[in-house]
1. Quick check: anything in region 272-292 outside the structural domain of Val15 (by TED's automatic domain parsing), of a type in the set (Lys, Arg), part of a strand (DSSP E or B) and closer than 28 Å to Glu126 by Cβ?
2. Looking at Ser277, Ser222, Ser255, which one is touching a strand residue (DSSP E or B) at 6+ places or on another chain (Cβ under 8 Å), polar (S, T, N, Q) and crowded, with 20+ Cβ neighbours inside 10 Å?
3. I'd like the full set of residues that are surrounded by 18 or more Cβ atoms within 10 Å (Cβ to Cβ) and not in a loop (DSSP other than H, G, I, E, B), limited to region 301-323.
4. Filter region 36-73 for residues that are assigned to a loop (DSSP other than H, G, I, E, B), in contact with a Ser or Thr (Cβ under 9 Å, 6 or more places away or on another chain) and of a type in the set (A, V, I, L, M, F, W, C) and give the result.
5. Modelled with pLDDT of 95 or more, within 27 Å of the chain's Cα centre (by Cα), over 26 Å from Gly118 (Cβ atoms) and crowded, with 19+ Cβ neighbours inside 10 Å, is that true of Ile53?
6. Inside region 287-342, can you point out the residues that are under 22 Å from Val7 (Cβ atoms), of a type in the set (A, V, I, L, M) and either at pLDDT below 95 or out of contact with any strand residue (DSSP E or B) (no Cβ under 7 Å at 6 or more places or on another chain) (or both)?
7. Please go through region 65-87 and give me each residue that is polar (S, T, N, Q) and buried (at least 22 other Cβ atoms within 10 Å of the Cβ), ordered by number.
8. I'd like the full set of residues that are in a helix (DSSP H, G or I) and in contact (Cβ under 8 Å) with a residue 60 or more places away in the chain, limited to region 84-107.
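The values are calculated or read from the model by the stated rules, or taken from the named source; none is laboratory data. Given the structure is predicted, the values throughout are model-derived calculations rather than measurements. Every residue, glycine among them, receives a Cβ derived from its backbone with ideal geometry; neighbour counts consider all protein chains shown.
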Amino acid sequence: MSKKYNVGIIGYGWVATAHIPAINASAQAQVTAVYSSRPQDGAELSAKYGSPITTYTNLDAMLADPNIHAVSVCSMPSLHAKHVIAAARAGKHIIIEKPLAMSQKDVDAMVAAVKAAGVKTCVCFECRYSSQFQATKAVIDQGLLGMLHYGEVDYYHGIGPWYGQFRWNTFKKDGGSALLTAGCHALDALLLCMGSEVTEVTSYDTRSQSRIFKPYEYTTTSVTLLKFKNGAVGKCAAVVDCLQPYYFHTHLVGSEGSLLDDKFHSQKLGTNKAKWSQLSMKMLDSGDVSDHPYETQFKAFFAALDAGKDMALTSLADAARSHRVMFAADKSAATGKTVKLG
């Protein structure tokens, strides 16, 4: 049986090497085209990924192919807006790697283009589809923690010269901030857990004195305090200049119990509050794209396309809400003032 959706990749870099096998692993889709500004060998890519791939160095030519139904935008973050808008106008469904874009203005333009074209979207906030956050959200939804009044989700991951994206990540143009480049996963996960709109943010930033992180053109650590519409408060640290193992710290506190990473206590279950109970789940413990739950996420996207619906959890509308909070946080850090979100 031939698969339903032919997907074109925009930008053949490190993250594309994780997107392609994840797309091909779904029952509904396969990658049939790759656009890259650097010429690629179609025969070599076809052999590597096990599906016939046509290569392009002209994006308009790839987008003009009626046999391509969707694209995956894996280009540099500063090019995302341009590429997403072009794909939407060409009538293609779109997978977008994070961050969406480097400014609120660009995100607004992407949202408008997608709405006008009526295409479906999937944004790579794939942590929402991870074992850790699927289980965490289930604990919340079952009411085991009661009403959350405090939450913190923090991102600790030293992105140094030993890491694939370091060569371009250090520049403000495509890295942006500690939140935009990677901490966005933690902030997005916090918003998922708290389940209420953010009304205001206050953020502070700083950077490591280590020579290792000297090439960065922006501050590489930030801490953001959030106030939610329902009265809850939260905190998100984004630290990409730490020297330690990767750690996605999660602590949620509610009226019936608390959750700390993969441990919890719930009054509803009568568990001993002097000891944590353990949850069995795969923790987010790596920044390597090959470890990310893209496969689960992309399967959900293609299933949503089959149903003619917007995908759950990570549509452009979901991701745009998280980006709005991020841009407000970065504005707060830059100006030293609290930013209110209307």
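1. No, that holds for no residue.
2. On the way: Ser277 fails: crowded, with 20+ Cβ neighbours inside 10 Å; Ser255 fails: crowded, with 20+ Cβ neighbours inside 10 Å.
The match here is Ser222.
3. Pass one, region 301-323, residues surrounded by 18 or more Cβ atoms within 10 Å (Cβ to Cβ): 301-302, 304-305, 311, 313-316, 318-320, 322-323.
Phe301, Phe302, Ala304, Leu305, Leu316, Asp318, Ala319, Ala320, Ser322, His323, listed by residue number.
4. Narrowing region 36-73 to residues assigned to a loop (DSSP other than H, G, I, E, B): 36-41, 50-53, 57-58, 64-69.
This time we only want the ones that are in contact with a Ser or Thr (Cβ under 9 Å, 6 or more places away or on another chain), so: 36-41, 51-53, 57, 65, 67-68.
Answer for region 36-73, where residues must be assigned to a loop (DSSP other than H, G, I, E, B), in contact with a Ser or Thr (Cβ under 9 Å, 6 or more places away or on another chain) and of a type in the set (A, V, I, L, M, F, W, C): Ile53, Ile68.
5. On the way: modelled with pLDDT of 95 or more: yes; within 27 Å of the chain's Cα centre (by Cα): yes; over 26 Å from Gly118 (Cβ atoms): yes; crowded, with 19+ Cβ neighbours inside 10 Å: yes.
When the stated conditions are applied, Ile53 passes them.
6. Val289, Ala300, Ala303, Ala304, Ala307, Ala312, Leu313, Ala317
7. First, the residues of region 65-87 that are polar (S, T, N, Q): 67, 72, 75, 78.
Within region 65-87, Ser72, Ser75 meet the criteria.
8. Listed by number, the residues that qualify are Ala87, Gln104, Val107.
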